[in-house]
Structures are given as structure tokens and as C-alpha cells.
Amino acid sequence: MKPKFEPTRRGVEIIDPIERHRYHLETGSPVTPSAADTDRIGFPIGSAVTVTTDSITLPKPDTVLVRDSDGLMLTEVSPTEQVGLPPDEYTLDLSGPLKVYARVTGSVQVFSDREKTYLTFGTETAVHLGARSLHKRPARTITTTTAPTDLMAAVSAFGSELKTTSPERAYPTLRGHPPRLELGDELRIPAPLDRDHSVRIAVPETLRHVFVVAPLAYYLDAEVVPGSSPRIVTESGYTQSLDGSDGFEPAVKRALQRTFLLDCVVRTEGNTPLPSRKRRSIEPVIDLDIADTYDRPLAERLERYLEIPYEKLEPHLPDWQFETRLEPTADHVPFLPFLADDLAVVTTRESDRDRAGPEPVAERAIDAFTRDDFVRSTQPSSVRGDTRVETATDQSAVPTVQQSWTGIDDTEIVSTTSVTAYRNDIGRTPKDGPIEIEVVCNDPDMREELESVNGTYGSRTRLPFETTIHYDLTTNDLAAVLAKDSDFLHYIGHIDDEGFQCSDGKLDAHTVDTVGIKAFLLNACRSHEQGLHLVERGSIGGIVTLSNVVNSGAVSVGVLVSQLLNLGFSLYSTLDIARQENIVGQQYQLVGDGRTTITQSETRIPNVCLVSGERDTLTANIVAYTAANRRHGSVLSPHIDSVESYFVVPGETGPISVTESELEALFDEALFPVIRNGHVQWSTDLVDD
């Protein structure tokens, strides 16, 4: 479903009914959008309109990229700059929660104040606005058997959905979603996907080898073929082994990381020559003519990349964060296009981490509370369940994989995911209207959390929310809430092996026919298995617990989670930040797709600011997260005077020396979390009135 343009009293609102995102543009006077030709914009868009106005105002200070009529970038205008453009034809990149362009002919002034960014045209001007959703879904389906050679052919077609094989493929908006895979009795590949390749990846004929190289094959637009030993082969005969001293899987990971890294550097010679921190740090240590490499064909460019000694690149590799561990079996074949789309590192090796259970820090938290609160208390409300400390296990027969994200301080956030989560995401029906939140409190002794989160959801002035509070639901009433086509469920109460505790008994989510809730927080003891059932019945992802949780800690985590989700953080980034504030957060994990969000980010890229030092030694480290619509290769430039370059997402900027006034100016731009002295605070609370 394409973005919609709706007139408002003060301008036009662009609505993405798939991601439920909105972008409000104010105009100098009321406008009436009229449908326009999407080809006028010059970039891929879903829909376009024309409005006539003398100005457009963006809702917050932001960088505007100015391009010429051919799409080549002329300049970038940061919020600290004021630029006047002489009469000409321009395409202005106004991207916010959607990809938005404005095509204008005439003179343009671009400037910002502390609250907004302004585009003024001097006179009434016809402005062509174009937008596309950042949501991706497979456009085609491939049927394959489980024979390794058939699966090789199917994976070889993944790269056909890349919108370019130039270095710009490192931008996530130029990587289309690989085709879905369905199991059948014979291989069937749609004709447009079956074509010649300049790069091949040879691997032994096993499911394991095909699974591991699937994301690399997608990114390289490579054909996967049988071979006695794993290697990359180009059309010129160049060969690079994928069987390193530490094994096959690490070698594939290195090949993907180095190719992506160097594409991020070389793409700066293209249509968007943004100043890159990666290029500035890596160019002096590698022997590569970046400008000449940009113009080389895919295979020749790859050969140059692979000839650079890995030890020179290793210190500069972007944070990958995301890894998927699975069994190389036929049941997991349908996962492959989704893992390739995520550029996931795929491993089939067994390790202690593959066994579901609390992390060491979580174990310490459990021990501490068992010794203290659990032993001393005789009140059932002190924990959200009984006093047994157990690890929930998945009793479902649905195939799952374990996914993990590297968080702050190299901690690990783990999710148990079934392919159903991805299918639920791409199959979710777009809709208009407010973001719908369901808050259920099924224990009167837990009203403290309910009172704390009530008012948090929907507190953002420009986004319409509808929050419904439910008390002491029966099993039928809770089933009805679960079936409702809503965006988020915040459940407060008890869960045990038999299901959700209700006023008239227990509701096992496994017995519910359909779940319409997009995402959820089950803030109850041992809710992991019930969360898996919700995903299998229709949800995309959620936050759950593996063991018993002390009520006071659960309240603290629940409130912080609600605040972060309300600001547009994904499930995994929400949990990462919540763990910094409260050790009880270690007892929470994910089920389903951890990149799921329930609303658009308050900042363009979801991020947290880590502050250390005092006065003359202040440093800020910005940690940028991916999300369902912000993937590997997006860029971030924090609005700090001393920062003049862009950083690759996901990852950290590293410590940036800042003054108190620079830090206050950064905090004043938007509402986002700040971690200082081990505590989560809010940026706007740290600004002097």
C-alpha cells in the first residue's frame, strides 16, 4: 500500500499505512494536494502529489540534502547552517520517518531554528512531493525442494532484487527484499530472477553451506554452485577461499563485512557524497583508488576489495550486531530470504549460548532476589508467579532459530524466532487511524505499573494514539483483546505453565485461533512460552521473561519499556537500554522479530547517548540502532558542532569531546534516552529552562 497525502489545516500529512508512520509538513497557507506523476521526482517513490505554496516547514531541526535535476547531490544543509539557492530546478531530500522528496523550480532558502527547519521559495511555487515507505516485503516467490543443488539455485536468485549492484547497495533503501521460499516437489524460479552472474560462490552440496552463504550471495548478487571447497570465483577466474584457518563460517562473515565496509567507503563517490567517518579513517591505511573503484564493474570491484589485507580493515569494520544461529534442516529453509534481507551473520555451530537460559548477570539477579525478597516475603504479590525459579522452554513444534544482537558493553540480547514472525510482518494489513495500545492488568495488586504507564503511551503530540485500559479480564475477554487488530499489548499480571491468569481461569495462547496484536510486553513471570504462542498465532514480536520476576523490578522495567517503545525504539534496542537501568532487565528476552517497533522514532535513527566525564572532560558516545525500517547502511550525523561527518548504522560514534553548551543543544533537539552514571535519563529533562 502506497503512502497517502492528507491535507491538514496547516499543510499536508504524509501517512505510511504499512509502518503506521506520519510526517507532517506545514505550508505557508492551506493547500490542496493533487495527484502527480511519480516519474517527476527522479527517485523510486510510491506516490506523489503537487501542492502550491511559498514555504514548507519540517517538524524539527533536520539536515536537508539538495540535489540537482539529475539527482546528484549539490550540498547538505545542517540545522546550524543557512543556505540560499539561486533559481534552478532542485530535488530536496526531506526524509523523516518515510523517504520524502520535494521537487521545486526556482530559488530556495533553507534554514533552521531550535524547533523546526524551514524551506522558503519567495513566491507561490508548484512543489512536487514524493514519498515511499521504508517497509520492505518480498515481491516474488520461489518454490524449491530441500535438495542442496535446488536450494543453491534458489539462493542464487536473491540478488536479483537488489536495486543496484553499485556500491550504493550499501544503502538499505536500494536493497529490495529477496523472494520468499516455499518448499515443493520441484524447483520453480520465476523467469525474471534467472539470469547470468559475474560472481560465483562455490560450496559443498550441504544445507549447512548454503544456509551460511545465503546473505553473502544476496549482497554480492552471486550464483551459488557446487564445489569441493568453499570459495568466491569471479568471471575473470579470480578465486578467494572461504575456508579460513578458523573455519568456513568466520570466513563468510569476514567476506560479508569487508565487502559491506568498502562499499560504504566507495559509495561516497556516487550520487550522495556525504563526508564519511569510515572513509576518513580507512583511506590512509589501504591501497585503493576509491574514485576509480566506484566506476568498476561488480566483479572487478570485489576483486580489489578481497586483495586488501584483512588485518588493515578489521579495526574499521562496522558493528554488525546481528547474528542468527540455526540447525541446517529443511524446516529452516523458509528463513533464508529474511536472514539475507537482514544481512545476518548465519552460524550453525552449537555453543552454550544456543541453550535457552538466563545469562550470567540474570542468574546473579535471580539469586539475589531469591535470597532476599523471595525468602523474606510471604505475600504472593511480591513476585509475578509462584516462587519457583525456572527457565521457560519452548514446547511448540514450530521450527525456531535463535537470534542475538550485541548491545551496550557487548552484552547480548537474545530472541527465539519462528519464520511465522516474518510472515506475519509482511502479511500485516495496512490501516489508517491511530496507533492502538491495549493495556491489560489482571491483578489488582499490580496497579502501580498500570498507573505509571497510563499516560506514557500516546504522549507524543503529533502522533494519534488510542490507549485502552482493561482490568481483571475473563478468558473470553482476553482472547478478544488478543484477536483485536491492535499495535501493542502491555500485559500486567500472572502467567504460568497453563497460560494467562484471568478472573475465571487460565487462557493458553496456544488455544487462541488468531492474534491480531502486532507486538507485546508480557510483564509476568515465565512468559516466554506464551509469547512464542502469540507469535505463532499472528504477532510479530514481543518482550518476555524466562523466570520469576520480583514485582518491584517488573514495575521499573515495565515503565521504562513503555517510555522507550513510545519513542519509537525497537524491541531489541528497548531491552538493551532497559538492562542498563535495572539488573532485573537481564531476566527479559525476546520472541519473534526483535527489530519490531510500534511507532516512528522521535529521532530519524533511534539512538541513545552515553555521557561520561565532567565539565572540561565531557564526552558523548551516540549508539545508533537498526529497526525494521532502518537497516545496515543507514547513516547518522549527530548535531554537534565538532562533528562534520556521517557514521554508519548500526554502531557507535565513539567518544566525542563536547562542551556543556554543545551537550545541552543536542539534548534540546529531541526527546531521547541518555545514560549517565549507570542510569537512564531523558534528554529534555537535562536542559535548563
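On average, how much accessible surface per residue is there in region 182-324, in Å², for a 1.4 Å probe, leaving out ligands, DNA and RNA?
On the way: 6090 Å² over 143 residues.
Value for region 182-324: 43 Å² per residue.
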* Structure fact -> To the nearest Å², the heavy-atom accessible area per residue of region 566-612 with 1.4 Å probe amounts to 14 Å²
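FRET efficiency for GLU652 and SER107, Cβ-Cβ distance as r, R0 = 30 Å, nearest 0.05?
On the way: r = 40 Å, r/R0 = 1.33.
Here the calculated transfer efficiency is 0.15.
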* **When each of LYS60/LYS278; LYS116/LYS518; LYS253/LYS312; LYS2/LYS431 is checked by Cα-Cα distance, pairs over 23 Å** => LYS60/LYS278; LYS116/LYS518
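With all pairs of different alpha carbon atoms counted, what Kirkwood hydrodynamic radius in Å does region 518-567 show? Mind dumping the intermediate values first?
On the way: mean 1/r = 0.0886 Å⁻¹.
Answer for region 518-567: a Kirkwood hydrodynamic radius of 11.3 Å.
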* To do: With N set to the residue count of the chain, report its C-alpha Rg divided by 2.2 N^0.38 Å to two decimal places.
  => 0.96
* Within 10 Å, count the other beta carbons around each residue, average over each peptide in 69-82, 203-216, and list them highest first. => 203-216, 69-82
* To do: With a probe of 1.4 Å, find how much accessible area region 465-537 has per residue, and write the answer as a whole number in Å².
  => 34 Å²
* Structure fact -> With every protein chain in place, the accessible area of HIS316 for a 1.4 Å probe, in Å² rounded to the nearest 10, comes to 40 Å²
* Tensor-based shape of region 503-591 (alpha-carbon gyration tensor, a/c under 1.5 rounded, otherwise prolate or oblate) -> oblate
* To do: Could you tell me which of TYR471, LEU507, GLY458 has its Cα farthest along the dipole of region 436-525 towards the positive end, charges placed at Cβ (Lys, Arg +1; Asp, Glu -1), taken about the Cα centre?
  => GLY458
* Asked: Is the shape of region 407-499 best called rounded, prolate or oblate, per the rule: a/c under 1.5 gives rounded, else a/b larger than b/c gives prolate, else oblate, with a ≥ b ≥ c the square roots of the Cα gyration tensor eigenvalues?
  -> rounded
* Roll a 1.4 angstrom probe over the protein heavy atoms and tell me the percent of accessible area of region 67-199 that is carbon or sulfur. => 46 percent
* Residue among VAL203, SER404, LEU256 farthest towards the positive dipole end of the chain, charges placed on Cβ -> VAL203
* Surface share of carbon and sulfur [accessible, 1.4 angstrom probe, percent] for region 567-660 -> 44 percent
* **Residue-count net charge about ARG460 - beta-carbon cut-off 11 Å; Lys, Arg +1, Asp, Glu -1** => +1
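Of the listed peptides 289-302, 15-28, 255-268, what is their order by residue-averaged count of other C-beta atoms within 10 Å, with the highest listed first? Don't jump to the answer; show the numbers that get you there.
Details: 289-302: 16.5, 15-28: 21.2, 255-268: 22.9.
The densest-packed peptide leads the list: 255-268, 15-28, 289-302.
Beta carbons within 10 angstrom, averaged per residue: use that to sort the peptides 84-92, 554-562, highest first. Each step should come with its number before you reach the end.
Details: 84-92: 15.4, 554-562: 23.2.
Final packing ranking: 554-562, 84-92.
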* Structure fact -> Whole-Å distance linking the alpha carbon centroid of region 555-585 with that of region 603-647 is 19 Å
* To do: Identify the trypsin sites (Lys or Arg not before Pro) of region 32-131 meeting these criteria: DSSP loop state and at most 16 other C-beta atoms within 10 Å of the C-beta.
  => ARG114, LYS116
* Asked: By the gyration tensor of its Cα atoms, with a ≥ b ≥ c the square roots of the eigenvalues, what is the shape of region 7-165: rounded for a/c under 1.5, prolate for a/b over b/c, or oblate?
  -> prolate
* **Within region 227-341: Cβ-based charge dipole about Cα centre, in debye rounded to nearest 20 (Lys, Arg +1; Asp, Glu -1)** => 320 debye
* To do: Assign unit charges at the C-beta atoms only (+1 for Lys and Arg, -1 for Asp and Glu), then state the dipole size of the chain relative to its Cα centre in Debye, rounded to the nearest 20.
  => 1120 debye
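Pull up the DSSP beta bridges for the chain and report the antiparallel fraction as a percent, rounded to 5.
Numbers: 100 of 137 bridges.
Antiparallel bridges: around 75 percent, rounded to the nearest 5.
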* When the convex hull of the C-alpha atoms of region 535-646 is computed, what volume per residue in Å³ does it have? -> 124 Å³
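Ordering SER573, SER552 from largest to smallest accessible area (1.4 angstrom probe), what's the sequence?
Values: SER573 0, SER552 80 Å².
Of SER573, SER552, the descending order of accessible area is SER552, SER573.
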* Size of the dipole of region 27-168 about the Cα centre, Lys and Arg at +1 and Asp and Glu at -1 on the beta carbon, nothing else charged, in debye to 20? -> 580 debye
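The values are calculated or read from the model by the stated rules, or taken from the named source; none is laboratory data. Since we're looking at a predicted model, the values are computed, not measured. Here the Cβ is made from the backbone with ideal geometry for all residues, glycine too, and neighbour counts use every protein chain on show. Please note that ligands, DNA and RNA were not included when accessible areas were found on the heavy atoms of the full protein model with its side chains. Shrake-Rupley method; radii C 1.70, N 1.55, O 1.52, S 1.80 Å.
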